[in-house]
Structures are given as structure tokens and as C-alpha cells.
Amino acid sequence: MATVVGKEALVAGIPAEKTGLWSWITTVDHKRVAVLYLIGSMFFFFLGGIEALLIRIQLVRPDNNFVTPEVFNELFTMHGTTMIFLAVMPMSQIFFNYIIPLMIGARDVAFPRLNAFGVWVFLLGGLFLNASFLFGAAPDAGWFGYANLTSKQFSPGMHVDFWMLGLQILGVSSLAAAVNFFVTIINLRAPGMRLMRMPMFVWMSFITMILLLLAFPVITVALILLMFDRFFGTHFFVPTGGGDPILWQHLFWIFGHPEVYILILPAFGIISEVLPVFSRKPLFGYAAMVFSGVFIAFLGFGVWSHHMFSTGMGPIADTFFSLATMLIAIPTGVKIFNWIGTIWGGSLQLKTPMLFALGFIAMFIMGGLSGVMHASPPADLQQTDTYFVVAHFHYVLFGGSIFGLVAGAYYWWPKMFGKVLDERLGKIHFWLQLIGFNLTFFPMHFVGLHGMPRRVYTYPKGLGFDSMNQWETVGAFILAGGFAVMLYNIWKTWRTAPPAPADPWNGATLEWSIPSPPQEWNFPEIPTVTGRDPLWEAKRQRGGPLPEPQRVSGQGIHMPAPSYWPLVTAFSLPLLFTGLMLASKIGPWGIFIGVATLFFGIYNWLFEPSYTSIPGVKGKGRH
Amino acid sequence: MLLGSRLIRRLSWLAPLVALVVIAACARDFPQTTLAPKGDLARIEDGVFFETVKWATLVFVLVEGALLYAVFRFRGKPGDPEPDQIHGNTVVEVIWTVIPALILAMIAVPTVKAIFKENETPKGDALTIEVVGHQWWWEFRYPEFNLTTANELHVPVGHTISLKMGAYDVVHSFWLPQFAGKRDVFPNRETRLWFTAEEAGEYSGQCAEFCGIQHGRMAFRVVAQPPAEFDQWVGHMKLITMQPTATSAVPRDSVHTSSAGAAVQQPAAAPAPQNADSAKASTGSEDPLVAQGQKLFLMKGCVGCHSLVAYNAPKGLLGPNLANVGARSYIAAGTLKNTDENLTHWIRFPQDVKHGVLMPNLGVTQDEAKALVAFLRTHR
């Protein structure tokens, strides 16, 4: 276990030196892993954003030739894949990693080396996927990769190979994280933190982990079948060989719909933390919030075919999946009403995190309502695969997830980096984002209803799409401007802002009881929890703010030892898959090297001594 | 609930208002719109959609209103005392669980009704048309008349059309917004859709499922005609492959009989010679330019992929049937207006117009292309 404080630990002495590049390469500290997730996901988020801007430039006028059709198809494929797997999911990972252990009063996660492995796999997988651009073979069959367009016959080059193997790598990272945080939340909560006392962010993350554990194996299997089709000539999805493209659609959406909740539930959790703090009032209907989250996740596995109404499944299946989908609106509505109930009667402090949280609610309502519209199959027969759907899911994924994640970033930035982000710039960012977002995506509802399909690299004059597309492009650039302001804000406060106090927002949860940024061991003493808002209770008992926590020496606290084997093991996966892709050209040697590295990494990981000798200190510390 | 329905009644003027504003300009400015249905199936879809719009508008106004009200009403200053620490309220929470459930029921009932209506099999006298999606064009076959055409679908107004659909290569989606909505088409699997056109005119549709590099330019036209005009068109299509002298003589009935007998499939193995024959046969013209075009159609290999006969046409060809290409309003699957200039450009540089399309740039010169255009113009 990571955080045993025992007699041996007391003699283990000071943690090892923690500066320089090597300390980052070998880190197993959940906070540093979170920072690696932050760097990676920001990089990929801006990459995906640039792809979006290029898409918008191409669509600014009819019959445009800004990019070729091939490039356009690569752009929208990579935009979707990047934003889902390389931006929003790892952005949630930032907060899982940094905040969950702090919120539950733990010193690290359950499996620190697995945690490091997860972030390395994510970074290498993201680079693997994007390396396809260097070979002119970026994935171009859509983020959903519908069969049989992905078959060797219709997608000969390496485009689809990069996509399917890249996703396979990223799936490993997600599963590793899911196992880790599932166990962490179950096992490492501070004394007194019963399940129904966990902060809502921890609850929503916990549900997300369960979704990850159940959904990712399905896409893994589907991708393996696709890999067999492409590399070994099987016919799982190839109709000329007796396979069925619809099988892919089912497998993909059995993963793909829970994936939607994997993307949104962490944001639900974040704003459930932000709203109470900036309303100075506890979360309204805690139990209802928990159970509606559980209910959403459960129903999320029974609605996948609402992505397939246009395939003609017949009236019984249409009815079932339609009604199941509509049911999800009920727990989602409960959440929205409870959030409004939280701010109702409060004393609202409209700081930047709060603005983004309120923006989240306002935008998410709209995404939810358009979702109910195409939960109705007859209406969906017009709307599916049009820009109406593009508008809908951007309202839930951008207006929802991204607004929530940005709220979390402004909220926890002081904790993570010891600097409060600038309020004025934060507000400029908020308004640019809100206006730009709506200008970009609101007209898409109408351009879709008026007949513009998705994933078209251009549209002809005379269908009436011109002016709405122009506005959308203008909006996209305003939106990009908002994030530029955020980057400037980070840079500026990094240089000039004074150090942040431990508790800049009058927080309710444990992470605000320790210095910003926390020391490596988080809590010098593991706290005991007696209620849902432990810090507010402590402040109330004391009759005022708590004293600023002091930085202490880590004497006597033993932390897990650094290790580079997670990186070596992670490196074997892109190696292995590159070998697989090149097998037809260079023979199986690449595969052998990849497998050898994998076993070498795992072997050394397993037999790495489970203790560290620290120079000058006698005794061994277990971890 | 009473309160809800009273509110809905009070606010229900909103929905038609929104609808009116949206539709006002539709048909003219947005020829591919879903909001101005001109067919029965599209009307069912539109009806359900506006049912959801009505309730969504109500929910939107109330919930966003409550949110905005709360934000302005409960704005606090730093020095304010701590507000009441309310943790929840069971009654309120039950109410806001039940009301959404009731609203959803109001949407679910018309939805389920419409689902079953939409999935009905059209009655016996429906005209069956086979639709085949190809990368990146549409093939339409009329088994009843043994006719094949491409990218321009002719249908009689007021007569239910039953579409039996499939795909030649990858998954596509047949989307005809003003008549029918969409249905995906698959290789090796039949899907169905039906509709009845209500108004004569020319309509546009498009592939809606991503199907490769030219998915964006895989449109089609639908010409809805009064029944008599449609019958004429059918008769004409059957005859354009025969000697021009024969055109006037054949009555519609006899065409009918012959089509029934001719339902036997043409062996796909030998399409070219038949095409060649028909290419020769179809032009009795003296025009040397047309004659040159006819020769080029054979020499340049056009004939390998394109058939020039609509009646009893060979199946399984790579390119669209060109029997009446001269009369179509668009070429290249709804991409270009069918002018001489566009057709010339398309014949010479298909890879510039639709990059990645299966038709290669064949090195046709401007003069050759002109001859080909003249020849194709005779196929109307």
C-alpha cells in the first residue's frame, strides 16, 4: 500500500530528492502525474482546437478549396478522436489524479506505479496517433470508424491502422486508471469518510471508473476484431465474406454511449463542488445527486442503439431504445434542479469558477433538451447525421464537459500551482467562451434542420447554408480567443501573482486544509472526517477561518519510491503496434522487439525491490 | 399537472411562432430543409419533432428562467452573513422528479405511435423502387418497368413509393428531407423506406452517412411528377434505347407486358457489347460531332463503366447509368448543374471536380470532350 504509516516508516527518513527532469521521468506522485496529464491534455486540446478551426475555415463558404477532401476527412476524424480521447478524458484525469486523493484524505493512490504507467501510455498513445500526420496517413474514417469503410478494401493505407491501434493503446491507459481509482476510492478514504460522506466529485469519479471498467473492454474487443479483419483477412465486419457492418455499430455504441457519460460525469462532479462553495451553502439533495448519477450510468448501458435509429431496427427495438433514452432525462433533470436548488437562497460569489459552473448549467440544459428531441426515432430520422446532432453533442460536451473542466481548472489552479488565476482575465475568458460557443454551435441546430449533413467537406451554393456557416466560423475564432486569454492568464499569474493561501475560496473539502501546492505527502497527519463538508464544520467549530497550515518536514513519512519501469513498460505498446503495422514490410522483428520490451518492463516492475534504501538512514521502508 | 397543462396552453403560442419564423423562408431559401415537409412520412416526423419542440421550449423557458432568476436574486457580497444551510427538501425533490416524467410521457406517446406508423409496410399498390448506394452516386431501379437510372429519381405525385435499398460497396444513408427523412443502406442487407410525394417539383437529397472521400458530394435529385407525366417519362425511358423511328409507336400497355417478361437479369459479365450496340443504335444522327462523340465513348473506355440503356440495363456496372443524362438537371451526383460547359469540364477533369472519384482523368482533349457532350446530349 502506498500510504502506510507504521513503525518502519518512521525510521525510513526523508523522501528522496525531487527536482529535475529525472524526477519527472521516474515520478509516481499522483500530483506530478496529474501535471503530466495537464501538459499532455492541454497540448492535445490545442491541437484538436486547431483542427476545429481549420474545419471551420474550410466551411466558411460554399465550394471552398481551403483543404482537400482527404485532409478535411482527416481533420474531422482527428478532431473528434483527439477531443474525446486525448483532451476531455485526460483533462478529467488531471482532477482524478490531483484531487481525489486530497479529497479523501490519502497520501497517494492505491497503485502509484500503475498511475505513472497510465499517464505514460496516454502520452505515448497520443503521440502515436498524431505521428500519423508525419506519414501523411492520419486517420480519416471518422472517430466512430464505421465498418465496412474501415476494411482493407475501402481504406487501404495506414490511416485506419493508426486509428485502431492508437485507440487500443489509449484504452490501456484508461483501464489502468479506472482500476487504480476504483481501488483508491474504496480503500484509501480517511477514517470517518463513509461512502455517503464522500464529496460529490469523488462520487461521480467513482461512477466514471465503473463505466470505464465496463465500457472499454467492449471497444477493445471491437478493435481486435477490426485488427484481425485488416491484418489477418478475417471477415467480422466485411459483408462480402459474410460479416456484418452493423455488428461494428452495436459494439462501438455499447462502448460509445457509456463513453458519453465517462466524459460528462466528472464535470457533473466538479460543478457539484464549485456551486456550493460559491453559494456558501451545501449541495442540495446530496443523496438524490448520488443516486441520479448511479441511475444515469446504469441506463447508459441500455440506450446505445439510439445512435442507430436510421439503420431500421424495427418498431420494437426503436421503441425500447427511445423510451430508455428518454428515461435518462429524469435523473439528469434531477441533477439540474438540485444544482439550481443549491444556489437558490445562497449568497452567490460570482468568481470565475462559479461563472463557468453556471455557464455549464445553462448550456447543458440546452444540450439535454435537443437530446430528448432526437431520442424520438421519427424525429431522429431527419436529424441524425446532420449538423443538428453536431450542435447537440457540442452543447453537452463543450457546453457541458469543457465548461465544467474549465470551472475545475480555475477552482483548483491555486491548489495545484499555488497561484490564484487573475479574476479580470478569467471573466474575459468566460464571456468570450460563452459568446463564442453559442455563436459557433447555436446556428448548427438550424443549418442541420435545414438539411446540412455532417462530415461533408463542402456544401453547394443555393441550399441556404452560407450565412449560418459564416457565423459559426466567426464564433469558433472568438472561442479560440477565450482560451488564448486563459493561456495568457496562466503565464501572467505564474510570473507575477503572490502565492495562494491554502484556502482561497472558503472551501468545504479536505484539499483546502493543506498548503497550496501540497507537499509530496499531502497530509502530515491523516485527518478524521465527521461529515460531508469537513472543512466547513471545522471552521464553524472554531468560529472563524482556520490558521494557515504550515509546511512541515517530511521526517517519518514514507512515500512510494520512484520508478522508471512504468515508462519502459508503457513504451513497449507503441513499439509493439508499430512493429505490427510494419510487419508486412520488415517482417515480425518489430513485434518481437515490442513484446520483449513489454516483458522486460513488466518483469522488472514486478521484481523491483519493494523497499528503498535511503543513504544515511538505516532500515527499510515498505510501500 | 394541471398547472403544467395550463402553462403549456399559455405558452403554446410560442411553438407555432418559432415554427412560423423558421419555416417562413424555408421552402424557397432552404431547398433541402426538413422543416417544410412535402410528403406523408416527413410530415409524421415533423409532427413528432414539433411535439418535442413545444415541450422543450416550455422547459427551456422555465428552467433557464429559474436559473437566471436565482443568479440575480441571490447574488451575495463578501461580507454577507452565511445563508441558511439547507441540505434538501424531499417534497420539492419528488415534484421535480415526477413532472419531467410526465412531460416525457407526453412526448413518448406520440413518439411510439409514430414509430409504428413509420415502420408499417406500404400497401400493395405502392410503386417499388430499388435504391443502391455507390461510392459516390445513387442508382435507382424500377423493377416494375425494368428501368434503371442514376442520381435523378422520378416519382409520381400521390402514389406511395416503397424503397428497397442496399449498397454496392460501403454503408451510405439515403436522405430525402422533404419527403421521407433518412434510412441507412448496407451491402448485403435490405433496408426499407416509404413515402408519398404531395407536390410536383424538383427536390434534393443527399447521402448522410460518411462513406469516404467524396461523401460530401453524393447528392441526388428527385423529380416528383403528376402521374400522367410520370407514365410518359416511363414510356420514354423504355424507348430511348431503341431506334428513334420506333419511339412514337409503342403504347404504354405493351411496354408493361414486355417489362414483365424482361425481368430476367441481364448477365453482368457481358455488358460492354450490349452497351456498344445501344450506343450505336441510339443515335441515328447525321451530326458529325455526335458521331465522333459516339466513337470516343467507345474508344475512351467510357462504355466500360457506363450503360446508355435504361431498359433492361446491365447491373453491377461501376458508373452511373447515362441513358437520359442529357436531360438531367445535375451531373456528378448532384454536384454540377448540367450545362455543356460543366459537362465538358467534368468529362475532362473528374478528379478536379470530385477528387478521389472512381472515374479517372482520361486525357480527353477539349475538342473530344465537346464531341462527347454533343453525343451525351442526344441521350435525353
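Where a number appears in this text, it was derived from the coordinates with a stated rule and is not lab data. None of the values given here were measured: they were computed from a predicted structure. In this analysis, Cβ positions are derived from the backbone assuming ideal geometry, glycine residues included, and neighbour counts consider all displayed protein chains.
Computed from backbone phi with θ = phi - 60° and the Karplus coefficients 6.51, -1.76 and 1.60, the 3J(HN,Hα) list for segment A:232-240 is 10, x, 6, 10, 4, 10, 9, x, 5 Hz; x is used for glycine and proline. Rounded to the nearest Hz, the phi-derived 3J(HN,Hα) couplings of segment A:339-350 under the Karplus curve 6.51 cos²θ - 1.76 cosθ + 1.60 (θ = phi - 60°) are 5, 5, x, 5, 7, 5, x, x, 10, 6, 9, 7, where x marks glycine and proline. Across segment A:27-498, the mean sequence separation of Cα contacts (distance under 8 Å, 6 or more residues apart), normalised by length, yields a relative contact order of 16 percent. The mean number of Cβ atoms from other chains found within 10 Å of a Cβ in peptide A:462-475 is 2, as a whole number.
Axis of helix A:112-131 versus longest Cα principal axis of chain A: the two differ by about 30°, to the nearest ten degrees.
Using only the Cα atoms of chain A, build the gyration tensor, take square roots of its eigenvalues as a ≥ b ≥ c, and label the shape rounded, prolate or oblate: rounded if a/c is under 1.5, else prolate if a/b is larger than b/c, else oblate.
Oblate shape, in that a/c is at least 1.5 and b/c is the bigger or equal ratio.
Taking other residues whose beta carbon is less than 14 angstrom from the beta carbon of residue A:311, and scoring Lys, Arg as +1 and Asp, Glu as -1, yields -4.
Counted by Cβ distance under 11 Å from residue A:78, the other residues give a net charge of -3, where Lys and Arg count +1 and Asp and Glu count -1.
By the scheme Lys and Arg +1, Asp and Glu -1, what is the net charge of all other residues having a beta-carbon under 14 Å from that of residue A:114? Computed value for this residue: -2. Roughly how far apart, in whole Å, are the Cα centres of segment A:90-151 and segment B:59-84? After rounding, the separation between the Cα centres reads 38 Å. Reported to the nearest whole Å, the Cα centre-to-centre distance from segment B:95-133 to segment A:211-245 is 32.
With a 10 Å Cβ neighbour count serving as the proxy for reagent exposure, in which order, fewest first, do A:186, A:478, B:44 appear?
Neighbour counts put them in this order, fewest first: A:186, A:478, B:44.
When B:169, B:340, B:125 are arranged by Cβ crowding within 10 Å, least crowded first, meaning fewest neighbours, the order is B:125, B:340, B:169.
Taking amide H as placed 1.01 Å from N in the peptide plane, residue B:330 has its amide H under 5 Å from the amide H of B:338, each at least 5 places away in sequence or on another chain.
Put simply, the Cα atoms of segment B:127-246 extend 44, 32, 24 Å along their principal axes, the longest span coming first.
Once backbone amide H atoms are built at 1.01 Å from N, residue B:75 has A:348 as its partners under 5 Å, excluding neighbours fewer than 5 places away on the same chain. Our helix-only sum for the protein assembly as shown, with -39,500 (n - 2.57) per DSSP H run of n ≥ 4 divided by its residues, gives a mean residue ellipticity at 222 nm of -18500 deg cm²/dmol.
Could you please state, rounded to a whole Å, how far the C-alpha centre of segment A:396-474 is from the C-alpha centre of segment B:137-183? The distance from the Cα centre of segment A:396-474 to that of segment B:137-183 comes to 38 Å.
Ignoring the sites themselves, chain A has its longest run without GluC sites (Glu not before Pro) in a DSSP loop having at most 11 other Cβ atoms within 10 Å at A:18-524. Per residue of peptide B:166-175, the mean number of Cβ atoms on other chains within 10 Å of the residue Cβ is 5. With θ taken as phi - 60° and the Karplus curve 6.51 cos²θ - 1.76 cosθ + 1.60 applied, the whole-hertz 3J(HN,Hα) list for segment B:212-219 is x, 4, 9, 3, x, 10, 10, 9 Hz, x standing for glycine and proline. Under 5 Å from the amide H of residue B:155 lie the amide H atoms of B:223, B:224, B:225, each residue being 5 or more positions distant or on a separate chain, with H modelled from the backbone and absent for Pro and chain starts. Counting only DSSP beta bridges whose two residues both lie in the protein assembly as shown, roughly 75 percent are antiparallel.
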